[in-house]
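None of the figures in this text is laboratory data; all of them are computed from the coordinates on show. Keep in mind that this is a model prediction, so the values were computed, not measured. FYI the Cβ positions are ideal-geometry reconstructions off the backbone, even for glycines, and counts take in every protein chain you see.
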Amino acid sequence: MYHVVIADDHEDAREGIREILSTFPNYQIAGEAVNGEEVVEMAKELQPDLILMDIQMPTMDGLQATKFIKDQWPHIKIIILTVSDDSLHLFEALREGAQGYLLKNVNPTDWGSYIDAVMNETDSFSKTLVNETLQTLVENKQTTNRPPLTEREIEIMRLAVTGAKNKEISQQLHISENTVKNHLKSMLRKLGIKNRVELTRLAYENGWVK
């Protein structure tokens, strides 16, 4: 059973999400938030398996909340919900650490298989959006030279490629050793690599570290 937090400032949207999730027995709603600050608090208190996060919310938008949550609790999976199919939103969501991106107008019967794919860490994104996002990465690589990682992951990567151990990284960044391990696992998955050796090679080849 997966515990889910819904984050959306519109009651009708939350009601619709509740109705959809009620048809999938593996998912139980643990809480609902109406803004970014609330969902951060719920992430801290409830430690859900999954957060369904709207992009446009008051006080702190969904992308900002995603970044904060993934920095603090990288094991929590996040799927961004939006009515827009703008590939820039997908790129931003992935860069901040989200595992998925779900359009609200997608057929409700497809939600279950999509969310299952995200929870099981299988390829679940729209091929069209992925291709557009990769194109965006290529076009911006010369100017941004930025890996598709969160700020915290970049900090950890830069220490890891120097040979720093998990304990040393945790002490320097004032986070737990387990949090370091979770971030490293997330990095390897995002970059499609298997170990620190490949991470180091990729980082230097792409100029992410000097």
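Pull out all pairs, ordered by first then second residue, where Cβ-Cβ is under 6 Å, the residues are six or more apart or on different chains, the first lies in the range 182-210 and is under 17 Å from ARG95 (Cβ atoms), and the second is among the acidic types (Asp, Glu) and buried (at least 17 other Cβ atoms within 10 Å of the Cβ).
HIS183/GLU153; MET187/GLU153
All but one of (1) in contact (Cβ under 8 Å) with a residue 12 or more places away in the chain; (2) within 16 Å of the chain's Cα centre (by Cα); (3) surrounded by fewer than 18 Cβ atoms within 10 Å (Cβ to Cβ) hold for ASN120, so report the exception by its number.
It is condition (1) that ASN120 fails.
What number of residues within the range 161-210 satisfy the criterion of being polar (S, T, N, Q) and in a helix (DSSP H, G or I)?
9
Picking from GLN47, GLN28, GLN56, which residue would you name as being at positive phi and either surrounded by fewer than 16 Cβ atoms within 10 Å (Cβ to Cβ) or of a type in the set (Gly, Ala, Ser) (or both)?
GLN47
VAL40 - would you say it is under 26 Å from GLU151 (Cβ atoms) and under 14 Å from the mean Cα position of the chain (by Cα)?
yes
Within the range 183-210, how many residues are surrounded by 18 or more Cβ atoms within 10 Å (Cβ to Cβ) and polar (S, T, N, Q)?
Selection size over the range 183-210: 1.
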